[in-house]
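Coordinate-derived values only; no laboratory data. Predicted, not measured: the structure shown is a model, and the values here were computed from it. Cβ atoms come from the backbone with ideal geometry, glycine included; neighbour counts cover every protein chain shown.
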Amino acid sequence: MKSKKQAAEVVALLEQEYPLAPCFLDNDGAWQLLVAVRLSAQCTDLRVNATTPALFARFPTIDALAEGDLAEITEIVKPCGLGNSKARDIKACMTMLRDEYGGVVPDDMDSLLKLPGVGRKSANLILGDVYGKPAVVADTHCIRLANRIGFMKKNDKRSTDPYQVEMQLKKVIRPEKQNDTCHRFVMHGRAVCTARKPYCEKCVLADVCDYKKSADKKLAQR
């Protein structure tokens, strides 16, 4: 598993490769990001970004969504898949924000997790992108790269558990680097270290990646 020093090297290489580390979900503030990240479950960011403009135009505030007709919300978000459950969670989440949090998205994990449809991935995205706090968003790209690069213990069943990945990365990546590094994991996971096949020959992390070292070793033994 990677040490703090090795983690810093990975972070630095990714920073050089991807100078900017944007959030890929279009939003104009915390509550919109909450809605967008709920819609992103089992859906592409492109599809979410194509859907939210109509949703936010029709329901431009927390109150509007909380009071909105569930069937109408469902119809708008249906292209993102799981329309019924996502619409129900969004309406319930906005209602709780209005009634219990005074219309303000909270900035702590415990309060965020009380919101309907909000898990640790969503909460960490809010904490990191909105409030600038240390946060590890353990999505599929983050989990895949954490294992391939060597942040997680090999052949450990816990290595693919989002919570375990989050906790391990928090141990070795400096707090102020965590959020942007996760965004860079997404970019690198889409462009180079893809789920189907990692393109190690063009990977900036090739010299520090356990997967690449293991692949080279197997090739040498043939």
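Determine the alpha carbon to alpha carbon distance for each of Lys133/Lys213; Lys177/Lys217; Lys121/Lys202; Lys5/Lys217; Lys2/Lys197; Lys121/Lys171 and list only those over 26 Å. Let's see the in-between values first.
Numbers: Lys133/Lys213 34 Å; Lys177/Lys217 32 Å; Lys121/Lys202 29 Å; Lys5/Lys217 24 Å; Lys2/Lys197 22 Å; Lys121/Lys171 17 Å.
With Cα atoms farther than 26 Å apart: Lys133/Lys213; Lys177/Lys217; Lys121/Lys202.
Tell me the net charge near Cys200. Cut-off is 12 Å between Cβ atoms, Cys200 excluded, with +1 for each Lys or Arg and -1 for each Asp or Glu. Walk me through the numbers on the way to the answer.
Working: positive: Arg148, Lys197, Lys202, Lys212, Lys213; negative: Glu201, Asp207, Asp210, Asp216.
With Lys, Arg at +1 and Asp, Glu at -1, the net is +1.
Against the chain, whose longest principal axis is taken from its Cα atoms, helix 83-100 shows a tilt of about 70°.
Seen against the Cα atoms of the chain and their longest principal axis, helix 140-149 is set at about 10 degrees. The string of couplings for the range 196-203 from the Karplus curve (6.51, -1.76, 1.60, θ = phi - 60°) is 6, 7, x, 8, 4, 5, 10, 8 Hz, one whole number per residue in order, with x for Gly and Pro.
For the range 30-130, the relative contact order is 30 percent, taking Cα pairs closer than 8 Å that sit 6 or more residues apart in sequence and dividing their mean separation by the residue count. For Lys218, the aspartates and glutamates whose Cα comes closer than 20 Å to its Cα, not counting residues fewer than 8 places off in the same chain, are Glu201, Asp207, Asp210.
What the Cα atoms of the range 125-222 give is an Rg and a Dmax of 14.0, 51 Å. What is the diffusion coefficient of the chain in µm²/s, taking the Kirkwood radius over Cα pairs and the Stokes-Einstein relation at 25 °C with a viscosity of 0.890 mPa s? Rounded, D is 132 µm²/s.
Working ranking of peptides 121-134, 189-202 by packing, defined as the average number of other Cβ atoms within 10 Å per residue, highest first, is 121-134, 189-202. Taking other residues whose beta carbon is less than 12 angstrom from the beta carbon of Met167, and scoring Lys, Arg as +1 and Asp, Glu as -1, yields +2.
What does the net charge come to around Asp108 if you take all other residues with beta carbon closer than 12 Å to its beta carbon, with K and R at +1 and D and E at -1? Counting the neighbours of Asp108, the net charge comes to 0. Kindly express, to the nearest 10 degrees and within the range 0 to 90, the angle between helix 4-17's C-alpha long axis and the longest C-alpha principal axis of the chain. Helix 4-17 sits roughly 70 degrees off the main axis of the chain.
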